[in-house]
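Taking it in order: structure first as structure tokens, then the write-up.
The values are calculated or read from the model by the stated rules, or taken from the named source; none is laboratory data. From a predicted model like this one, the values you see are computed outputs, not experimental measurements. Positions of Cβ are generated from backbone atoms using ideal geometry, with glycine treated the same way; all protein chains shown enter the neighbour counts. The accessibility values were calculated without ligands, DNA or RNA, using every heavy atom of the protein model including side chains. Shrake-Rupley method; radii C 1.70, N 1.55, O 1.52, S 1.80 Å.
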Amino acid sequence: MAFFDRLLGQDTLDEHQHKSLGAFGTVALWLGANVVVTTILTGMLLVPDLPFTTAMGSVLVGSLIGAVPLLLVGLMGQRTGLPSMALTRRAYGPLGSRLISLVNMGVLIAWSWIQALLAGMSLDYAIQATTGYSNLALMTILCESVVVLIVLRGHLGIERVERWAAVAMVGLAAVVLYQLNRHYDVSALLDMPVEARNGITLGIAFDIVIATAFSWISSSADYNRNCKSSAIAVWGTYIGYVLAALLAMGLGAAVSGLSVLNGMPQTYDPTRLLSGFGFGLPAALVIFFSVMTTNVMAVYSATLSCMNVSPGMAFWKPALVIGVVTVFGALIPGILDQFQNFLLLIGALFIPAFSVIIVDYYLVGRDGYGRELLTSPHQLGRPTAAVAIGAYLIGAALAAYWSLVSPLAFGASLPVFVITGTLYWLGAMLLTRPRPQTDAVEESTP
């Protein structure tokens with residue numbers, strides 16, 4: 001039994017975690033998490049609708065802005081030692097926090113299904129290219145099983161795996177970019193004519209890049225609570241995320257532009273461009289490693305969300321159950337077709353949710369952001385809980401309306417974030433401002 005205790009992660013919701021993440025580990029963690037197929041796909045959407053330099057400029061500026069809320073939530077985790085879902089308890093109360101945790105767990109499990117299938121496709125290509133054997137279902141199950149084994153080790157196992165996987169991805173990505181430059185005229189991207197294919201304007205591109213960063217808000221404290229210092233939590237996250245966005249979206253934009261320039265179907269997948277030159281395998285491995293690292297983080301955060309719904313559970317139990325669900329869910333037919341819908345769902349549900357949390361901690365007050373969040377039932381009665389839920393519902397409705405019914409020219413992510421946070425701040429200030437002295441005198445008079 002002691003052997004399994006050492007083998008399995010002992011992660012908890014409270015602040016008694018190993019402060020094990022140094023500067024390099026934090027940069028590698030966020031680099032590995034975001035050099036992923038979905039981020040590469042985002043870069044593909046930008047070109048040729050925008051000039052290549054304009055697209056990359058929007059990636060840089062959008063990532064620098066979009067990563068700010070991400071690192072703010074991560075900094076909350078580092079200071080308090082609490083994961084993201086536990087942090088929602090002060091503003092929303094235990095009941096609201098459990099509801100948000102259930103939604104977060106469901107979204108992350110669905111996200112893991114998509115990532116598992118993408119990893120299986122990449123591994124199947126790699127195996128087929130070297131041996132001729134192909135079995136997509138088997139490769140998908142193998143990939144997700146490896147993810148579950150890593151997650152069962154807890155955050156210490158994830159940190160070690162992400163560190164080496166990030167190094168491998170950067171090296172393989174460098175090989176892919178080098179081979180693209182050898183076999184194609186990459187400089188032609190700078191003079192590539194603009195062609196409207198995906199309906200992407202500069203404003204929409206900016207919103208997509210920001211929304212990509214915002215999609216990590218609900219998980220950032222889960223990992224940054226293990227950072228050794230606040231400075232590492234801030235700068236490690238910022239540098240790692242922005243570098244990952246430039247690398248992944250830049251690769252997607254370059255591959256997309258080159259495929260169009262060479263009369264091929266538009267693609268984000270470098271495997272298709274390089275397979276004819278014998279370099280499809282390194283490109284497939286980039287996709288494989290990128291998906292696996294992101295998937296590990298999704299399953300781990302889903303496990304912590306489950307623990308927030310039902311405190312007191314041993315870490316390995318929900319990790320194992322969620323892992324089994326993700327293994328078989330990845331085999332659902334047509335699951336990949338729902339990718340765009342998942343992105344819209346994440347934006348509508350979690351951008352307003354964590355706008356409230358950031359405002360509550362940094363502007364309303366930090367009292368109560370500690371272990372008492374996990375133990376004090378009186379938090380349910382906080383007067384601002386109703387305001388938080390109301391602001392969140394308004395923000396989620398606006399996000400859905402501006403994304404699905406009447407899209408804004410400049411996107412919905414940033415306006416929803418600002419409006420939701422402002423509504424909560426105004427409501428919280430009205431409820432928590434000091435009462436006039438006259439009222440206090442009248443109440444004290446017999």
task: About the Cα centre of the chain, how large is the charge dipole given +1 on each Lys and Arg Cβ and -1 on each Asp and Glu Cβ? Please answer in debye to the nearest 20.
output: 660 debye
message: I'd like the Karplus ³J(HN,Hα) series for region 164-180: coefficients 6.51, -1.76, 1.60, θ = phi - 60°, whole numbers in Hz, and an x wherever there's a Gly or Pro.
response: 6, 5, 5, 4, 4, 5, 4, x, 5, 5, 4, 5, 4, 5, 5, 5, 4
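What is the extension gain from TYR401 to ASP185, computed as 0.36 nm multiplied by their sequence separation minus the C-alpha to C-alpha distance, in nm to one decimal?
Working: separation 216, 0.36 × 216 = 77.76 nm, distance 4.23 nm.
Difference between extended and current length: 73.5 nm.
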query: Sequence-distant or interchain residues sharing an amide H contact under 5 Å with GLY154, placed H: which?
result: GLY9
- request: Just the Kirkwood number for region 174-323, please: inverse of mean 1/r across all distinct Cα pairs, in Å, one decimal.
  value: 18.4 Å
task: Starting from the Cα gyration tensor of region 166-211, take the square roots of the eigenvalues, sort them a ≥ b ≥ c, and report rounded, prolate or oblate (rounded when a/c is under 1.5, otherwise prolate if a/b is larger than b/c, else oblate).
output: oblate
Whole-percent carbon and sulfur share, accessible surface of the chain, 1.4 Å: 69 percent
field: Gaussian network model of the chain, Cα within-10 Å springs - most flexible of PHE315, PHE328, PHE214
entry: PHE328
field: Longest segment of the chain lacking trypsin sites (Lys or Arg not before Pro) that sit in a DSSP loop with at most 15 other Cβ atoms within 10 Å
entry: 20-196
task: Using the heavy atoms of the protein chains and a 1.4 angstrom probe, tell me the accessible area per residue for the chain in square angstrom.
output: 41 Å²
- line: Under a 1.4 Å probe, counting only protein heavy atoms, TYR133 has an accessible area in Å², nearest 10, of 110 Å²
- prompt: Of ALA86, GLY62, GLN128, which is farthest on the positive side of the dipole of the chain, counting Cα position, with +1 on Lys and Arg Cβ, -1 on Asp and Glu Cβ, and the Cα centre as origin?
  reply: ALA86
- prompt: For the chain, modelled as a Gaussian network with Cα springs under 10 Å, which listed residue fluctuates most, MET249, MET121, MET429?
  reply: MET429
message: Run lengths n ≥ 4 of DSSP H only: what is the helix-derived mean residue ellipticity at 222 nm for the chain, with -39500 (n - 2.57) per run over all residues, to the nearest 500?
response: -23500 deg cm²/dmol
message: Of THR326, ILE232, THR42, which is farthest towards the positive pole of the chain's charge dipole, taken about the Cα centre with +1 and -1 on the beta-carbons of Lys, Arg and Asp, Glu respectively?
response: ILE232
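How would you classify region 1-142 from its alpha-carbon gyration tensor, with a ≥ b ≥ c the square roots of the eigenvalues: rounded for a/c under 1.5, else prolate if a/b is greater than b/c, otherwise oblate? Walk me through the intermediate numbers first.
Details: a/c = 1.88, a/b = 1.19, b/c = 1.58.
Taking the square roots of the gyration eigenvalues as a ≥ b ≥ c, region 1-142 is oblate.
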statement: Residue-ordered couplings for region 149-162, obtained by feeding phi - 60° into the Karplus form 6.51 cos²θ - 1.76 cosθ + 1.60 and rounding to whole Hz (Gly and Pro as x), are 4, 5, 5, 4, 6, x, 5, 5, x, 5, 4, 5, 5, 4
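Let me check I have the definition right: for the chain, take the eigenvalues of the Cα gyration tensor, multiply each by 5, take square roots. What are those semi-axes in whole Å, largest first?
On the way: eigenvalues 305, 142, 64 Å².
Its equivalent ellipsoid spans semi-axes of 39, 27, 18 Å.
What value does region 350-427 have for Rg/Rh, both radii from Cα atoms and Rh as Kirkwood defines it?
Working: Rg = 14.0 Å, Rh = 13.3 Å.
Reported Rg/Rh (Cα atoms, Kirkwood Rh): 1.06.
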message: Could you identify which residue out of SER187, SER63, SER134 has the top mean-square fluctuation in a GNM of the chain using Cα springs shorter than 10 Å?
response: SER187
